[in-house]
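Contents: one structure, followed by commentary.
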Amino acid sequence: MSELAVLIEESATRLFEGFADSDAHVTMESGKFPEKLWADFLADGWLRTMLSEDNDGAGLGLAGGMLLMRLAGYYNVPLPVVESLTGLYLAAEAGLELEDELLIPVVLPAIVNGNSRIELCGVPWARYAKGLVVAFEVDGKTQLVNIKAGQFSLVEGNNMAGEARDDVSFDASLLASSKPLNNISTEQVRSWLALGRAAQMAGALRSVLERTVEYANERSQFGRQIGKFQAVQLQLAVQAEMTSASICAVDAAIKHLGSTEEWELIASAKITTSESAGYAAKTAHAVHAAIGFTQEYPLQLSTRRLWSWRDEYGSETQWSAKLGEHCLQLKTDNLWSWLTTQTGS
Amino acid sequence: MKKLNFEPVITAEKEATLRQEVREFLAGYGAFKASDVIDSWSVCDPEFSRAIAAKGWLGMTWPTEYGGGGKSYLERYVVIEELLAAGAPVGAHWVADRQSGPLLLRFGTEEQRQAFLPKVVKGECFFAIGMSEPNSGSDLASIKTKAEKVDGGWIVNGSKIWTSWAHACHQMITLVRTAPPSDNRHAGLSQFIVDLNAEGMTVRPIVTLAGEKHFNEIFFDNVFVPDNRVVGNLNEGWSQVMAELAFERSGPERFLSSYQLLEASIKEIRQAGLSKQSSKVIGEFVARLMVLRQMSLSVANQLQEGKLPINEASVVKDLGTSFEQELPEAMRLILDIEPRSSAEDGVERMLSDAILKAPSFSLRGGTREILRGIIARGLGLR
């Protein structure tokens, strides 16, 4: 693990571990924002993880933010960690006024002309946002606008983990007050959000694996621990393989942030984590049996997130199609010479 | 629960230059036959082995005093993955370069190293693996080939099976029982270097279902092995074999065996026209390959750092062989082509070869179930 990762893990763990015994999940799922946890998150300065020091940030950049997101996934933190960090980062890059507040990043589809109202489905945490930072493309350039709370209307909805995913609409004329977002494409914003989710999933996958192995070593049936049965061992071994592949894919994508092959590695990270999510959840529930199916037992906090997150910001099908299309249209002699650029040459 | 470590690696300028060198060499060497590119590390071509030996690409990581290249594991990784991706016939020297040489460097005597390593590096001495026996496949500790002590050496009787290229190799690292079985079934095993042309040896070919003739059954009839051909410590062969297997499990040959089919399929799809389905399947397999490369490279880097990532190596092999086995299954569903064993060339032939050879991918070097057992032990379940 890099020094940066150790630093972030040590200090964020203190905060995230603490909330596990709190009622933050219940609060969040009952449709209220976990204000106390959010206040602690802000007080520790985590919201500004990715901002430069000029912007009173920690200067840890996108990579530092992604590591925090992975940890948040591990602890099932019921806060918009991916969205709030990315939203504020985009606002800073566009030179918008920066407050410690919840800004939710949104990328508009390419064609918006002619519609007087912009309608967006499943915007994460929108009901709690102080603003939506909306990125869109005009003549090949990226623009960013902060659509403030009160300027958009919404219909509440949730994903399978009870996280707010609201349908939002606002007046298209509001886009006129946008500012240029230099050197960042809308595609990049999309891929960063996908990597954020992939990082959360990598964390959740690790947590599910640890919990399941622990359970298999404790629970006894037929006179021995269920983890001693080869049938169970083989399934858990595969789960461990897929989990470590997911962590590696996310780590590699983080390492390549800012490089020309950035999106390719992000695609592979989102594909790998999304694919692993289903297998891990299925296996963990099979091993836990009935107890894992209850609300009281915490496994569901991770598995419901994995089932939701694997489709958010692009499922493995969508990212595979995009990556595959790219590979089928390469200008290089063959796939191989393109592949090897991803590890340094 | 031991954490599996796959810290990603980005290689340096040195490796990039070397990679270009390999590509230039391959371009100059000329194209390989389509019928040889699938599972090309099972294709034996001593002439090719000597050609790359001349480039210094055998025994790359070994000390220069034995003729080795004194290079890093990452440099070796780059060279072997370029050769494998191109479908180069690396089978003749593969075992000697990958595991027999490193075994002698770890456990061999100075005399043994001097006697064999310089020849291996020149592509003049090829090694075979003498582990499995009839009735002893995955359960290696149950082997029956027996060595009895005589003056100046050992007399070996028994047989080995599934030995690739024994008829083309010179020496074989052979696991034998040197003490009777006891409660500790891993005790009493030793590794011998056996000359494949020694008196009393019979090598009989076994043809695979794909029609290949690389497998053999080997019979030992009172074969004399001198004392100076015992590797490492007598009766401690088991732990030496385990270390050997760990090194052989994580390399790029564990996911590139059917790689040329992916390149050929991409060319085919480009000609026939893209579809949403074909893009999706290609993307899915490319993503898996990207991660496998990262993981395998990470293990190479850990070996370089002097670590012994045994569990990680098992993860790479299990995920990797699943990938190379599933690739032909997926390609046949998106290519509008029937596999043809009689085709001289093209994707029809590669598809046929890949389907026919795939079953062995997850058997050699430890079956899927053995690997998953090792991983489960690492998780603390056993």
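Please state, as a whole number in µm²/s, the translational diffusion coefficient that the Stokes-Einstein equation yields for segment A:3-180 at 37 °C and 0.692 mPa s, with Rh defined as the Kirkwood radius across alpha carbon pairs.
Roughly 194 µm²/s, to the nearest whole number.
Largest first and in whole Å, give the semi-axes of the protein assembly as shown's equivalent ellipsoid, each being the square root of 5 times a Cα gyration tensor eigenvalue.
So the three semi-axes of the protein assembly as shown are 52, 29, 22 Å.
If the cut-off is 18 Å between C-alpha atoms, which aspartates and glutamates fall inside it for residue B:14, apart from same-chain ones fewer than 8 positions away?
B:24, B:75, B:81, B:82, B:305
Treat each spin label as a single point 7 Å out from the Cα along the C-beta direction, and report the residue B:114 to residue A:261 distance in nm.
4.5
Tell me, what is the FRET efficiency for residue A:329 and residue B:228 to the nearest 0.05, using R0 = 56 angstrom and their Cβ-Cβ distance as r?
Rounded to the nearest 0.05, the efficiency is 0.40.
Taking the Cα centre of segment B:129-235 as origin, work out the dipole magnitude from +1 charges on Lys and Arg Cβ and -1 charges on Asp and Glu Cβ, in debye rounded to 20.
140
For chain A, divide the Cα radius of gyration by the Kirkwood radius and give the resulting Rg/Rh value with two decimals. Walk me through the intermediate numbers first.
Working: Rg = 20.6 Å, Rh = 21.0 Å.
Computed over Cα atoms, the ratio is 0.98.
Could you check the spin-label model distance between residue A:115 and residue B:139? Points 7 Å from the Cα along Cα→Cβ, value in nm.
For residue A:115 paired with residue B:139, the spin-label model returns 6.6 nm.
As an exercise, take the mean of 1/r over every pair of distinct alpha carbons in segment A:176-220, invert it, and state the Kirkwood radius in angstroms.
Its Kirkwood hydrodynamic radius stands at 13.7 Å.
Just which residues of segment B:247-272 lose 30 Å² or more accessible area with every protein chain there, against their chain alone, with the probe set to 1.4 Å?
B:259, B:263, B:266, B:270
Divide the volume of the convex hull of the Cα atoms of segment A:271-334 by its number of residues and quote the answer in cubic angstrom per residue.
Cα-based convex hull of segment A:271-334, divided per residue, equals 79 Å³.
Residues of segment B:292-310 that become at least 10 Å² less accessible with every protein chain present than in their own chain isolated, using 1.4 Å: which are they?
Residues shielded by partner chains are B:293, B:294, B:295, B:297.
Could you name every residue in segment B:273-288 that has 10 Å² or more less accessible surface in the full protein assembly than in its own chain alone (probe 1.4 Å, ligands and nucleic acids excluded)?
Residues passing the criterion (a loss of at least 10 Å², heavy atoms only) are B:274, B:276, B:279, B:280, B:282, B:283, B:284, B:286, B:287, B:288.
Can you tell me the orientation of helix B:110-121 relative to chain B, as the angle in degrees between its alpha-carbon axis and the longest Cα principal axis, to the nearest 10?
So the helix axis and the longest Cα principal axis differ by about 30 degrees.
Carbon and sulfur: what percent of chain A's accessible surface (1.4 Å probe)?
Here carbon and sulfur together make up 50 percent of the probe-accessible area.
Can you tell me which lysines have their Cα less than 16 Å from the Cα of residue B:317? Leave out same-chain residues fewer than eight positions away.
Partners within reach: none.
Could you tell me the convex hull volume per residue, in Å³, taken over the Cα atoms of segment A:192-290?
Dividing the Cα hull volume of segment A:192-290 by its residue count gives 77 Å³.
Just want the answer: with Cβ charges of +1 for Lys and Arg and -1 for Asp and Glu, which residue in B:43, B:107, B:218 is farthest toward the dipole's positive end in chain B?
Of B:43, B:107, B:218, it is B:107.
Suppose a student asked you for the relative contact order of chain B, using Cα pairs under 8 Å spaced at least 6 residues apart; what percent would you report?
18
Specify, per residue and in Å³, the volume enclosed by the convex hull of the alpha carbon atoms belonging to segment B:138-250.
Per-residue hull volume (Cα only) is 114 Å³.
Using the Kirkwood radius over C-alpha pairs as Rh, can you work out the diffusion coefficient of segment B:13-125 via Stokes-Einstein at 4 °C, viscosity 1.567 mPa s, in µm² per second? Numbers along the way, then the final one.
On the way: Rh = 14.2 Å.
This corresponds to a translational diffusion coefficient of 91 µm²/s.
Quick check for you: with a 1.4 Å probe and neighbouring chains kept, what is the accessible area per residue of segment B:241-378, in Å²? Kindly include the intermediate steps, with their values, before the conclusion.
On the way: 4830 Å² over 138 residues.
Dividing the accessible area of segment B:241-378 by its residue count gives 35 Å².
Mind giving me the FRET efficiency for residue B:198 and residue B:1? R0 is 60 Å, r the Cβ-Cβ distance, nearest 0.05 is fine.
With a Förster radius of 60 Å, E is 0.80.
Of the accessible area of segment B:18-108, with the probe set at 1.4 angstrom, what percent is carbon plus sulfur?
Values: 1430 of 2930 Å².
So the carbon and sulfur contribution to the accessible surface is 49 percent.
Express the carbon and sulfur contribution to the solvent-accessible surface of segment B:241-378 as a percent, rounded to the nearest whole number, probe 1.4 angstrom. Provide the component values of the computation, followed by the final result.
Values: 2340 of 4830 Å².
Carbon-and-sulfur percentage of accessible area, whole number: 48.
From a point 7 Å beyond the Cα of residue A:30 in the direction of its Cβ, which residues of segment A:150-188 have a backbone N at a distance under 18 Å?
A:162-164
About the Cα centre of the protein assembly as shown, how large is the charge dipole given +1 on each Lys and Arg Cβ and -1 on each Asp and Glu Cβ? Please answer in debye to the nearest 20.
About 1400 debye.
Within chain A, how many Lys pairs sit with Cα atoms under 22 Å apart, leaving out pairs fewer than 8 places apart on the same chain?
The result is 14.
Report the antiparallel proportion of the DSSP beta bridges in the protein assembly as shown as a percent, rounded to a multiple of 5.
Within the protein assembly as shown, antiparallel bridges account for around 80 percent of the total.
With runs of 4+ DSSP H residues as the only contributors, calculate the mean residue ellipticity of chain A at 222 nm using -39,500 (n - 2.57) per run, divided by the residue total and rounded to the nearest 500.
It lands at -16500 deg cm²/dmol.
If you take the charge dipole of chain B about its Cα centre, with +1 on Lys and Arg Cβ and -1 on Asp and Glu Cβ, which of B:91, B:278, B:31 is farthest toward its positive end?
The Cα lying farthest towards the positive end belongs to B:278.
So how tilted is helix A:186-218 from the main axis of chain A? Cα-based, degrees 0 to 90, rounded to 10.
So the inclination is approximately 10 degrees.
So what is the accessible area of segment B:26-108 per residue, in Å², with the probe set to 1.4 Å?
Accessible surface, normalised per residue, equals 30 Å².
I'd like the distance separating the alpha-carbon centroids of segment B:282-331 and segment B:42-78, in whole Å.
Using only Cα atoms, the two centres lie 22 Å from each other.
Note down the magnitude of the dipole of segment B:13-125 about its Cα centre, charges +1 on Lys and Arg C-beta and -1 on Asp and Glu C-beta and zero elsewhere, to the nearest 20 debye.
Roughly 100 debye, rounded to the nearest 20.
Return the single residue from A:181, A:193, A:98 with maximal mean-square fluctuation; model: Gaussian network over chain A, springs between Cα atoms under 10 Å.
A:98
Given Cα pairs under 8 Å that are at least 6 residues apart, what percent is the relative contact order of segment B:241-378? Mind dumping the intermediate values first?
Details: 136 pairs, mean separation 48.4, N = 138.
RCO, segment B:241-378: 35 percent.
Given B:170, B:242, B:1, which one lies farthest toward the positive end of the charge dipole of chain B, if we put +1 on the Cβ of every Lys and Arg and -1 on the Cβ of every Asp and Glu?
About the Cα centre, the residue reaching furthest to the positive side is B:1.
Using a Gaussian network model of chain A with C-alpha springs under 10 Å, which one of A:273, A:332, A:27 is most mobile by mean-square fluctuation?
Among A:273, A:332, A:27, the largest GNM mean-square fluctuation belongs to A:332.
Rg/Rh for segment A:76-203 to two decimals, with Rh computed the Kirkwood way over all alpha-carbon pairs. Please list the in-between numbers first.
Numbers: Rg = 13.9 Å, Rh = 14.8 Å.
Reported Rg/Rh, Kirkwood definition of Rh: 0.94.
Between segment A:85-156 and segment B:343-367, how far is it from one alpha carbon centroid to the other, in angstrom?
With segment A:85-156 and segment B:343-367 each reduced to a Cα centre, they are spaced 51 Å.
Quick check: the angle from helix A:262-288's long axis to the longest principal axis of chain A, C-alpha only, nearest 10 degrees?
30
Pick from A:71, A:47, A:299: which is most flexible by mean-square fluctuation in a GNM of chain A where alpha carbon atoms under 10 Å apart are linked?
The residue with the greatest mean-square fluctuation here is A:299.
I need the Kirkwood Rh of chain B: take the reciprocal of the average 1/r across all distinct C-alpha pairs and report it in angstrom.
Values: mean 1/r = 0.0462 Å⁻¹.
Averaging 1/r across every pair of different Cα atoms and inverting gives 21.6 Å.
Based on the Kirkwood radius over alpha-carbon pairs, what is the Stokes-Einstein translational diffusion coefficient of segment B:241-378 at 4 °C with 1.567 mPa s viscosity, in µm²/s? Don't skip to the answer; put the middle values down first.
Numbers: Rh = 15.9 Å.
Calculated translational D: 81 µm²/s.
Just to be sure I understand: if you take the accessible area of chain B alone plus chain A alone and subtract the pair, with a 1.4 Å probe, what total do you get in Å², rounded to 100? Write out the running numbers ahead of the final one.
Working: alone 17330 and 16280 Å², together 29120 Å².
So the buried area, both faces added, is about 4500 Å².
Run down the lysines and flag those whose C-alpha is under 23 Å from the C-alpha of residue B:160, throwing out any fewer than 8 positions away in its chain.
B:144, B:146, B:149, B:213, B:357
The values are calculated or read from the model by the stated rules, or taken from the named source; none is laboratory data. From a predicted model like this one, the values you see are computed outputs, not experimental measurements. Cβ: placed from backbone, ideal geometry, glycine included. Neighbour counts: every protein chain shown. Just the protein is used for accessible areas: all its heavy atoms, side chains included, with ligands, DNA and RNA removed. Shrake-Rupley method; radii C 1.70, N 1.55, O 1.52, S 1.80 Å.
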